[in-house]
1. Do we find that A:TYR244 is in contact with a Lys or Arg (Cβ under 9 Å, 6 or more places away or on another chain), buried (at least 21 other Cβ atoms within 10 Å of the Cβ) and within 14 Å of chain B (Cβ to nearest Cβ) in this structure?
2. Would you point out which residue out of A:PRO10, A:PRO27, A:PRO66 is farther than 30 Å from A:ASP195 by Cα, more than 7 Å from chain B (Cβ to nearest Cβ) and not hydrophobic (A, V, I, L, M, F, W, C)?
3. Considering B:ALA146, B:ALA135, B:ALA196, which residue is touching a residue at least 12 places away in the same chain (Cβ under 8 Å), of a type in the set (A, V, I, L, M, F, W, C) and touching a Cys at 6+ places or on another chain (Cβ under 6 Å)?
4. When only residues in the stretch A:348-370 that are among the aliphatic types (A, V, I, L, M) and in contact with a helix residue (DSSP H, G or I) (Cβ under 8 Å, 6 or more places away or on another chain) count, which is farthest from A:GLY294 (Cα to Cα)?
5. Would you check if A:SER315 is of a type in the set (S, T, N, Q) and touching a Lys or Arg at 6+ places or on another chain (Cβ under 9 Å)?
6. Which residue is surrounded by the fewest Cβ atoms within 10 Å (Cβ to Cβ), if the candidates are limited to the stretch B:263-279 and must be closer than 24 Å to A:ILE30 by Cβ and more than 9 Å from every other protein chain (Cβ to nearest Cβ)?
7. Looking only at the stretch B:13-24, filter to residues that are facing chain A (nearest Cβ under 7 Å) and surrounded by 15 or more Cβ atoms within 10 Å (Cβ to Cβ); which one of those is nearest to B:THR333 (Cα to Cα)?
Protein chains: 2
Amino acid sequence: MPVNNPHLKPFIPPQRVLMGPGPSDVPQRILDAMQRPTIGHLDPAFQDMMEQIKSLLRYAFQTENPLTFPVSAPGSAGMEMCFVNLVEPGDKVIACINGVFGGRMLENVKRTGGVPVVVGDEWGKPVTVSKVEQAFRDNPDAKVLAFVHAETSTGAQSDAKSLAALAQKNGVLTIMDCVTSLGGTPVLIDEWGIDAAYSGSQKCLSCTPGLSPVTFSERAIEKVKARKTPVQSWFLDLNLVLGYWQSAGKRTYHHTAPINPLYGLHEALVILSEEGLENAWARHRAMHEKLKAGLKDMGLEFVVEESARLPQLNSIWIPDGVEDASARSTLLTEFNLEIGAGLGALAGKVWRIGLMGHSARQENIDFCLKALRQVLQA
Amino acid sequence: MPVNNPHLKPFIPPQRVLMGPGPSDVPQRILDAMQRPTIGHLDPAFQDMMEQIKSLLRYAFQTENPLTFPVSAPGSAGMEMCFVNLVEPGDKVIACINGVFGGRMLENVKRTGGVPVVVGDEWGKPVTVSKVEQAFRDNPDAKVLAFVHAETSTGAQSDAKSLAALAQKNGVLTIMDCVTSLGGTPVLIDEWGIDAAYSGSQKCLSCTPGLSPVTFSERAIEKVKARKTPVQSWFLDLNLVLGYWQSAGKRTYHHTAPINPLYGLHEALVILSEEGLENAWARHRAMHEKLKAGLKDMGLEFVVEESARLPQLNSIWIPDGVEDASARSTLLTEFNLEIGAGLGALAGKVWRIGLMGHSARQENIDFCLKALRQVLQA
């Protein structure tokens, strides 16, 4: 054989405490679920499970949308699914940018041939509703409003309810990124009137990464069905994906679903259902308060002002004189603790401490504060 | 809460014997690997594992291509990654179609704005090399040749070596689907001179579904870098994905990799490395001969002629008087055995019996033949 056999050994990962911006700690129950026997993607037993996942996701998203399911790929693909289906070439899209992930929305608008109207806000601030109001006045021909509910790059939460209300008043569709909010703070798809939303499995749902829960309103589906141009992606074309994820008994093969990861997501959603959404939100809030008190004791300051702060993603300024990379490296190698670096404009300036899903518990907070104290005193 | 809690229970899948067109039986070692603790996608330990996966995949693909890695989504996304990067609007693409998956290639060409030239062959036959030769004569301005090495919908194997040689002679790039061949029959990327190839984790690698190994030649990367138009997909843009999968130490975040599924793929590739590629190919061949003898004894006939038959995917005509769906349903519910239905033009007419990866072993063949005998005699 021209290319040699590398003869490598099985990989045994270290056991970390995950308090970055995701993945978060994965409960053993979810890991156990992923180890169960693989069955076929058209097996009736699997199709029953798909229906259960849809039902559990409707609860998590607080929506009655029939088209609520996990995309077979990470959150970036869920984002792309929303844009390639709902934006046609020439469509004007008001895109709100207050961090990295708003910037990705803009990139998606451009690549689908949409015409972006950017509403910019400072990183670490929420989207300013009055600016969006002005953008609607300036662009009566806008077709879509796109914004990030919970900016993972900064920890800022925007007022999704008011933004969605503006979109409805102006008769446009809303695309919302709720990657970091779903399961951690209220995401009320139907109450707010969101038309398309995408999330990730590895944040407040505490599952392993790789799946992107999405939901689409009837209005969104109408738009997809009325398109004059084909959806540019075959893999993400809702018209085709619908055939696999629609009601049981009528499924047609589209692609081979990621069976075992879906076992994991099912278990993650069962755990959320056992705890109850309100209790999960309250836990994230309570744990945030405890972390906040501990950080304050150490003199550490938050990037985001209290009123817009996400409980599950705590961005703090790196203290003067502390070297970002080496401090995080010490946390990882000496404490097995992962916290997140800053992204984009905030790289090297902030740390992001995640309290998402299973990571949002007292022992993690105690451990994180202790480790931080030691590293900062060193 | 307006949307009620469904209060569902954990899902315990049945234990099946998987002898369809994928997923194939997953060895316990791979399932165990997927259950290991989740770590971060930028963790140095994870980055080491990524390098190992790349090295193991280069061995499986028999290539020195530095850009060899698993796409974080199923084979359909690997396919789309090849087309959206290597086909620019207006590029003429010779697309060979002899089954469902060739048809998907055509769909990809259209959605990227390429100009397809279709070379059609009957389902169940390999691609006719002389027809492709003629297509090159008729289309001296062609930029890409696309074909399926192992048609999963029929079980026919095409002469990849001759087709790639034609492409090279005519100075065009080659895109090859080797979803069902990788690890089961020889796939010799460098020796044949293939520029882009995509596969799936759940076929002869016997991993769980959800990942798509791909490899790109230097020539392919040059084409991507020289594009005049942006890649239409953000998630699948090689220019961006490269930043994450390139050499260790310089990685930049693109999307959150599916950590635990990648543990599984790593283990699947270690198992392949332990067995050795030639031994794996020989095993698939030997098991096919045994299954063939048993099917012949029962009077069952193959769809594909012997010279083009894939050992790992055995399409047989459903005998007269046997009802497709009810027979497969009996196999599934009474024997826990999954075999594949026909797809597209062959739906209701053929069954597809997979002998892929861990499913290609004596006990599976004995079990499958016994079950088939009982169901067909009923």
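1. So A:TYR244 fails the test.
2. Just a single option satisfies the conditions, and that option is A:PRO27.
3. B:ALA196
4. A:MET356
5. So A:SER315 fits the description; yes.
6. B:LEU265
7. Across the stretch B:13-24, the extreme among qualifying residues is B:ARG16.
Table: residues versus (1) of a type in the set (S, T, N, Q); (2) over 21 Å from B:GLY124 (Cβ atoms); (3) at pLDDT 95 or above; (4) surrounded by 15 or more Cβ atoms within 10 Å (Cβ to Cβ).
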position	(1), (2), (3), (4)
B:THR333	yes, yes, yes, no
B:GLY344	no, no, no, no
B:ILE353	no, no, yes, yes
B:SER359	yes, yes, yes, yes
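The values are calculated or read from the model by the stated rules, or taken from the named source; none is laboratory data. Since the structure is predicted, the reported quantities are computational estimates derived from the model, not experimental observations. Neighbour counts run over all protein chains shown; Cβ positions are idealised from the backbone, glycine included.
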